[in-house]
Amino acid sequence: MRFEGYRCSACGAEYGPEGERYLCPRDGGCLEVVLDLRRARAELEASGVAVKPGAGGSAWSGEPSHWRYLPLLPVGDPGGRGTPFRAVGATPLYAVPALRARLGMQRLWLKDEGRNPTASLKDRASSLVLARAREVGASVVVTSSTGNAGAALAGMAACLEVPAVILAPHAAPPAKIAQMLVYGARVVLVDGSYDQATALARRASEELGWFCRNTGYNPFSAEGKKSAAFEIWEAWLRGELGEGTGGGELRLSIFVPVGDGNIMAGLDKGFRDLSQAGLLERGPRLFGVQAEGSAAIASAFAAGTESIRAVQSRTLADSISVDLPADGLRALRAVKRTGGAFLTVSDKEILESIAELGPAGLFAEPAAAAAWAGLRRALAEGLVRAEDPVLVLLTGSGLKDVGAAQRATPPAPVIEPTLEALRKLLTP
Ligand SMILES: Cc1ncc(COP(=O)(O)O)c(C=O)c1O
Ligand SMILES: [Zn+2]
């Protein structure tokens with residue numbers, strides 16, 4: 001078994017792999033999954049993933065999803081064949097010339113996580129948590145969600161025919177709620193904040209014996225999200241991230257939108273797994289981007305402290321609207337350790353970013369656009385230079401929040417169906 005157990009990210013205490021485990025019983029720290037990385041490396045090399053050119057193939061080498069990294073994941077065969085469950089990940093990497101020209105950058109890439117089966121990066125986490133849920137024989141999986149984690153759990157659970165219960169804030173964007181319902185999950189809207197929905201999901205899990213997917217709380221959520229790091233690494237090995245990023249160092253700055261901090265923690269875990277397996281000498285710099293009105297981790301970063309204080313979150317970017325981030329400490333440490341930074345962006349900058357990405361062919365939801373706004377800030381503040389290699393993680397599709405998209409652009413004019421009316425409109 002590659003999966004050896006858990007280590008607390010706060011106190012370092014270790015726990016065995018048996019049964020369901022969430023936070024460290026000693027101090028409530030997030031648990032990190034421990035793998036036998038020597039064995040994982042050997043299996044990965046045999047699998048045909050681009051560890052080195054011409055490596056032999058296995059059943060997983062042609063897998064067009066994040067399950068191709070199964071040797072580095074803490075589950076066995078995940079199942080779900082013939083369903084969208086087996087289409088999670090393997091998202092495209094774009095080098096958009098128009099955006100490069102706008103920022104005067106030569107080495108800029110965008111990874112479009114909106115291309116996942118339920119249109120956000122959260123499919124990575126939900127699919128891994130479900131694979132684990134099956135292994136521990138869970139009968140029901142519950143999660144709190146700002147919207148995307150729930151839609152992802154609903155969609156992935158539908159593929160595996162596992163009952164799912166989603167607790168989301170009443171104010172979540174209608175498209176996300178509709179998605180959960182269409183996939184057939186039991187959806188309950190909480191008249192309260194995301195943090196309150198999170199506390200309720202945890203209680204329900206404890207009292208009713210449901211397996212809990214809550215972001216950061218379930219150690220397997222970060223394990224799913226880390227597959228984005230593997231894809232970036234493999235793209236780099238294949239030479240798809242340009243010249244000058246060679247040697248053993250993946251010299252890249254990655255911009256990540258941050259709510260709970262679990263995407264950041266997952267990416268960092270992925271790059272650390274690769275380093276510890278001897279497959280990468282040095283990983284990229286990680287930059288976290290929070291909304292000004294939901295900046296608990298960014299404030300701690302700016303203050304130079306590890307004490308993360310709850311805020312009263314207020315931002316139109318619902319996916320990153322969190323009072324007290326569940327995975328704040330790991331996200332903060334990941335950014336510090338890799339030489340990145342935390343930045344904040346205003347809702348106005350987020351809307352401007354939606355409008356800037358669209359004409360380049362990219363439709364981003366507010367949280368995803370925040371990452372782009374963060375890159376603009378970092379350039380303005382000299383944290384990255386125009387010549388640096390940069391990747392922006394676009395974490396969710398614009399179709400998730402059409403209301404925000406409408407605020408980002410002027411409305412379309414309405415005319416009578418006559419050529420005359422069209423001519424009149426086109427005449428300046
Ligand atoms: C599209 C999108 N971007 C970013 C995030 C933030 O991820 P995390 O809460 O792990 O920091 C989320 C979380 O819901 C999301 O859905
Ligand atoms: Zn601990």
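Tabulated data
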quantity: Whole-Hz couplings from phi, Karplus 6.51/-1.76/1.60, listed for the range 310-319; x for Gly and Pro; calculated: 5, 10, 9, 6, 8, 7, 6, 7, 4, 5
quantity: Considering only the chain, percent of DSSP beta bridges that pair antiparallel, nearest 5; calculated: 30
quantity: Tensor-based shape of the range 37-193 (alpha-carbon gyration tensor, a/c under 1.5 rounded, otherwise prolate or oblate); calculated: oblate
quantity: Under Karplus coefficients 6.51, -1.76 and 1.60, residue-wise ³J(HN,Hα) of the range 172-187 in Hz, glycine/proline x; calculated: 4, x, x, 4, 5, 5, 4, 4, 4, 5, 4, 6, x, 7, 7, 9
quantity: Ordering of 2-8, 298-304 by packing [mean C-beta count within 10 Å, highest first]; calculated: 2-8, 298-304
quantity: Share, in percent, of DSSP beta bridges within the range 91-236 that are antiparallel, nearest 5; calculated: 15
quantity: Under-5 Å amide H pairs with Val190, H placed in peptide plane, nonlocal only; calculated: Ala168, His170
quantity: Tensor-based shape of the chain (alpha-carbon gyration tensor, a/c under 1.5 rounded, otherwise prolate or oblate); calculated: rounded
quantity: Among Pro97, Pro389, Pro410, residue whose mean-square fluctuation peaks in a GNM of the chain (springs only between Cα atoms under 10 Å); calculated: Pro410
quantity: Theoretical ellipticity at 222 nm over the chain - DSSP helices of four or more residues, -39500 (n - 2.57) apiece, nearest 500; calculated: -11500 deg cm²/dmol
quantity: Ellipsoid equivalent to the range 276-428 - semi-axes via the Cα gyration tensor, in Å; calculated: 37, 19, 13
quantity: Positive-end residue, the chain charge dipole about Cα centroid, Cβ charges, pick of Tyr94, Val136, Leu121; calculated: Tyr94
quantity: Selection of trypsin sites (Lys or Arg not before Pro), the range 194-277, meeting DSSP coil and at most 12 other Cβ within 10 Å; calculated: Arg238
quantity: Listed residues Cys11, Cys212 arranged by accessible area, highest first, probe 1.4 Å; calculated: Cys11, Cys212
quantity: Phi-based couplings in Hz for the range 81-90 (Karplus 6.51, -1.76, 1.60; Gly and Pro marked x); calculated: 4, x, 10, x, 3, 8, 10, 6, x, 6
quantity: When each of Lys176/Lys336; Lys348/Lys400; Lys111/Lys348 is checked by Cα-Cα distance, pairs over 25 Å; calculated: Lys176/Lys336
quantity: Net +/- balance of residues flanking Thr315 in space, Cβ distance below 9 Å, scoring K and R +1, D and E -1; calculated: -2
quantity: For the chain, built as a Gaussian network whose Cα springs stay under 10 Å, the top-fluctuating residue of Asp36, Asp268, Asp327; calculated: Asp36
quantity: Whole-angstrom gap from the range 276-332 to the range 86-103, using each part's C-alpha centre; calculated: 24
quantity: Residue order for Lys336, Lys400 - accessible surface, 1.4 angstrom probe, largest first; calculated: Lys336, Lys400
quantity: Check: the chain dipole with +1 on Lys, Arg Cβ and -1 on Asp, Glu Cβ, in debye; calculated: 440
quantity: Max mean-square fluctuation residue, GNM over the chain, Cα-Cα springs under 10 Å, options Ala326, Ala355, Ala204; calculated: Ala204
quantity: For the range 359-375 versus the range 205-275, the gap between their alpha-carbon centres in whole angstrom; calculated: 19
quantity: log₁₀ of I(q)/I(0) at q = 0.18, 0.19 Å⁻¹ - the range 92-185, Debye sum with one point per alpha carbon; calculated: -0.76, -0.80
quantity: Interchain or long-range residues, amide H under 5 Å from Gly340's placed H; calculated: Leu286
quantity: Within-15-Å neighbourhood charge of Ala151 [Cβ basis; K, R +1; D, E -1]; calculated: +2
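The values are calculated or read from the model by the stated rules, or taken from the named source; none is laboratory data. Treat the numbers as computed from the prediction; the structure is a model and nothing was measured. Heads up, the Cβs are rebuilt from the backbone with ideal geometry, glycines too, and the neighbour counts pull from every protein chain shown. Heavy atoms of the whole protein, side chains included, go into the accessibility calculation; ligands, DNA and RNA do not. Shrake-Rupley method; radii C 1.70, N 1.55, O 1.52, S 1.80 Å.
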